[in-house]
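One structure below.
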Amino acid sequence: MADSTTVVPGAENPEKLTGLKQGEIKKIAAGAPAVVSSFQKIVEEAGVKRGMKALFNLNKKGGFDCPSCAWPDPDDERSGIAEYCENGARAVAEEATLKKLTADFFSQNSVQELGKLSDYEIGGKGRIAQPMFLPAGGTHYQPITWNAAFDKIGLELNRLRSPDEAIFYTSGRTSNEAAFLYQLFVREFGTNNLPDCSNMCHESSGVALGESLGIGKGSVTLDDFYEAEVIMILGQNPGTNHPRMLTALQKAKANGATIISVNPLPETGLMGFNNPQTVGGVLGIKPGLTDIFLQIKINGDMALLQAIEKLLLEKEERNPGTVFDQDFIQKNTEGYSDFIQNLKECNVEKLAENCGISLTQISEAANVLASKSRIIVCWAMGLTQHKNAVDTIKEVANLLLLKGSIGKPGAGTCPVRGHSNVQGDRTMGIFEKPSEKFLNSIQYNFQFDPPRKHGYDVVESIKAMHEGKAKVFFAMGGNFLSATPDTQFTAEALTKCKLTVHVSTKPSRSHLVHGEEALILPCLGRSDRDIRNGENQFVSCENSMGVVQMSRGVLPPVSEYLLSETEIVCRLAKATLGRRSKIQWDEYVLDYDIIRADIERTIPGFQDYNERVRQPGGFYLPNCNREGDFDTRTKKAQFNIAWPEVTKLESDELMMMTIRSHDQFNTTIYGLNDRYRGIYNERRVILMNVNDIVKRNLKNGDVVDLHNDFNGVARAARKFTVVEYPIPEGCTATYFPETNVLVPIDSVAKKSNTPTSKLVIIRVNKHSPV
């Protein structure tokens, strides 16, 4: 068995254990501990005055949008007392920190030395205070002026034989204004190589919803939650990843909604929630959320959905017209007859076996759904990061179509996005496969012909760099190396580049695994003021439910050498394109209203952008599903026929899914604890069923190595501590990015090409020194 790649030093978190301490699994999320944790972090990083100013303006009218998740604010107002969560406060704390990294820090710490630190240690160093450059053969980053940095990037880009040899990545943090200018520059430069973080998360949702329902976004608003009769939550852990969602669920439950949670893990936030904004929440009054918990096997979602549909069909056949919305189906859908015929051939007992849920439990869920029509289905990475992800999400659409649960109050689709503007970036044109309609609008409004050939997504970009087809990598935010699959393969790909560039607020592992030369360009954060001509500019973001709202920073930047993402793009474009450009980049830097005016004339739905974005709460973008329409080729929603994929394991194999800890947001690690799961002071852990532990002659606390042999390539993640946990037999869970090294670059979802980080086949052995 061959190694997947040459081992690149510094690419992975160090194989060192910090000393696991275990406690009880929490039954209730949030409450007083979340409040205490939030305030401790913000005061530690920013001090009382600066920290409280940041929190007071977070998600507030006239303030700034949270740089963490994309959950929406209540309509008509930006917030109540504290419209942010524990992780949102932590994100702001790290952005508002007074710790800053100047040239002295980098001169005292070599790239090799920094590479020996964990992601937690690297990210906690502070804000990068000035542009830094790593020359060919260099061991330390050194200071560089902004002009010299832009000149160097422009020179390398213009040396390429083809614009397609450059890759321009985008993180979900990037504002609408910066994202629009970024894609405009990249396309005028001549390529559609615009991979983004959506390629690794909700790409499967966009593909599935686009093909089935005609729009790649969710259809519900926050108010729909308060009118829903049933809310299903699949493959999502809102207590850690989207904590503000718990408030909406709590209000929905108080209004009579039944909540059905589907997950391989009994996640604390889904079981119970103490709302820290209420007296009852602090005192622990009525915290329960989930009514029916279905603990499926990893990737058992499609089998579960089809089993529910089969039971509903049987009820419909006994009492026609009482379970399925036949009027809605006849008027708005296609493929119903073929879908029903396929469903009749399904064996419900086999489906129950495949998903790992008893028929009694499935029947309980089906009985709840049978008489209801105001149904919302929510999901996240637990659905999107599987080979059959697109078909599974289409099965969600099938269920909603059967019930007529789209285009009415209290009903619809809700893919819950992770990063705070990942949906907005796609709306702005950050996409490697742009539509002809979008490109035609660019051509008409800016008088250049954008490239028509599709570009690289994330996985294709990694392979292109690895094969020498791409030589310059530019990242607008994010921690690309730690976010991507097959860590060593990706690291080797990055080291083959001529130049790697990262627009960042703080250091990350991506700065330490680099091309022949490397640049770090420090930018303003969401909380930072952005003064132009004496006026504090604002940007805008789009949340998970299609609301566009303004975001204006309130804090003095920690360094005078930080530039906004918008200015970075404009100066990069000027340095690269020079007089070849037909765009007046200088005007954009001085007044962001000019950018929004050009967005308005280019992208549908942004009429009166500058006026409406200044209104309290912003404005909703058009959404055909919300209006009961389906923008498919036939203008009707499409039923989809698919079959569950059953993973067959050898006797020594297990299924592994990667998850976040509570002290984490995406690749940002805030601490070493996962208090809801009772795990403290350690991230290198593997959650295992007790029977799987016994079968391998292991015990709780043993140190093990994890192995994956996908396509005959050996991958290993070493020194993980076994944690006995209530997870289905045959299933395990580990934190990412520590086990991204095990996620094969060639294991991707059909159609969306998303890495299958939620189902990796592994073997677990007692640790042996290499």
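Sort out which residues of segment 505-523 are open to solvent by 10 Å² or more (accessible area, probe 1.4 Å) and of a type outside the set (A, V, I, L, M), and write them in order of number.
Passing the criteria: Thr505, Lys506, Pro507, Ser508, His514, Glu516, Glu517.
Please verify whether Cys497 is without any contact (Cβ under 8 Å) to a residue 60 or more places away in the chain, open to solvent by less than 10 Å² (accessible area, probe 1.4 Å) and farther than 30 Å from Ala93 by Cα, treating the condition exactly as stated.
yes
Could you please tell me which pairs satisfy a Cβ distance under 6 Å, a separation of 6+ or placement on different chains, a first residue in segment 30-41 that is under 13 Å from His662 (Cα atoms), and a second residue that is at pLDDT 70 or above and open to solvent by 70 Å² or more (accessible area, probe 1.4 Å)?
Nothing qualifies.
Are there any pairs, at least 6 apart or on different chains, whose C-beta atoms fall under 7 Å, with the first in segment 605-618 and surrounded by 15 or more Cβ atoms within 10 Å (Cβ to Cβ) and the second of a type in the set (Val, Ile, Thr), and if so, which?
Phe606/Ile599; Tyr609/Ile599; Val613/Val548; Gly618/Val547; Gly618/Val548
Under 8 Å by Cβ, and 6 or more places apart or on different chains, what pairs join a residue from segment 356-367 that is at pLDDT 95 or above with one that is surrounded by fewer than 15 Cβ atoms within 10 Å (Cβ to Cβ)?
Cβ pairs passing all conditions: Leu359/Glu349.
If the Cβ limit is 9 Å and pairs must be 6+ apart or interchain, which residue in segment 245-256 that is within 12 Å of Val230 (Cα to Cα) pairs with which residue that is small (Gly, Ala, Ser) and open to solvent by 10 Å² or more (accessible area, probe 1.4 Å)?
Within 9 Å, the pairs are Lys253/Gly288.
Quick one: in segment 540-566, which of the residues that are part of a loop (DSSP other than H, G, I, E, B) and under 18 Å from Tyr609 (Cα atoms) is most open to solvent (accessible area, probe 1.4 Å)?
Applying the filter and picking the extreme gives Arg552.
Name every residue in segment 723-739 that is touching a helix residue (DSSP H, G or I) at 6+ places or on another chain (Cβ under 6 Å) and either of a type in the set (Ser, Thr, Tyr) or crowded, with 23+ Cβ neighbours inside 10 Å (or both), in order of residue number.
Pro737
Determine which single condition Ser420 fails, assuming it passes every other condition in (1) in contact with a Phe, Trp or Tyr (Cβ under 8 Å, 6 or more places away or on another chain); (2) open to solvent by less than 10 Å² (accessible area, probe 1.4 Å).
Failing condition for Ser420: (1).
If Ala597 passes every condition in (1) aliphatic (A, V, I, L, M); (2) surrounded by fewer than 19 Cβ atoms within 10 Å (Cβ to Cβ); (3) within 28 Å of the chain's Cα centre (by Cα) but one, which one does it miss?
Condition (3) is where Ala597 drops out.
Please give the helices (runs of 4 or more DSSP H) falling wholly within segment 320-399 in which 1 or more residues are open to solvent by 40 Å² or more (accessible area, probe 1.4 Å) and hydroxyl-bearing (Ser, Thr, Tyr).
Hits in segment 320-399: 336-344, 359-370.
Identify the residue in segment 649-664 that is open to solvent by 10 Å² or more (accessible area, probe 1.4 Å) and outside any loop (DSSP other than H, G, I, E, B) and, among all such residues, is nearest to Val694 (Cα to Cα).
Result: Met655.
State whether one or more residues within segment 369-383 are free of Cβ contacts under 8 Å to residues at least 60 places away in the same chain and of a type in the set (Ser, Thr, Tyr).
The answer is yes; a qualifying residue exists.
Go through segment 623-634 and give me each residue that's in a loop (DSSP other than H, G, I, E, B) and in contact (Cβ under 8 Å) with a residue 40 or more places away in the chain.
Asn623, Cys624, Gly628, Asp629, Phe630, Asp631, Thr632, Thr634
If Ser461 meets every condition in (1) buried (at least 24 other Cβ atoms within 10 Å of the Cβ); (2) at pLDDT 95 or above; (3) touching a helix residue (DSSP H, G or I) at 6+ places or on another chain (Cβ under 7 Å) apart from one, which number is that one?
Every listed condition holds for Ser461 apart from (3).
The values are calculated or read from the model by the stated rules, or taken from the named source; none is laboratory data. Computed from a predicted model, the values in this text were never measured in an experiment. Heads up, the Cβs are rebuilt from the backbone with ideal geometry, glycines too, and the neighbour counts pull from every protein chain shown. Side chains included, ligands, DNA and RNA excluded: accessible areas come from the protein's heavy atoms. Shrake-Rupley method; radii C 1.70, N 1.55, O 1.52, S 1.80 Å.
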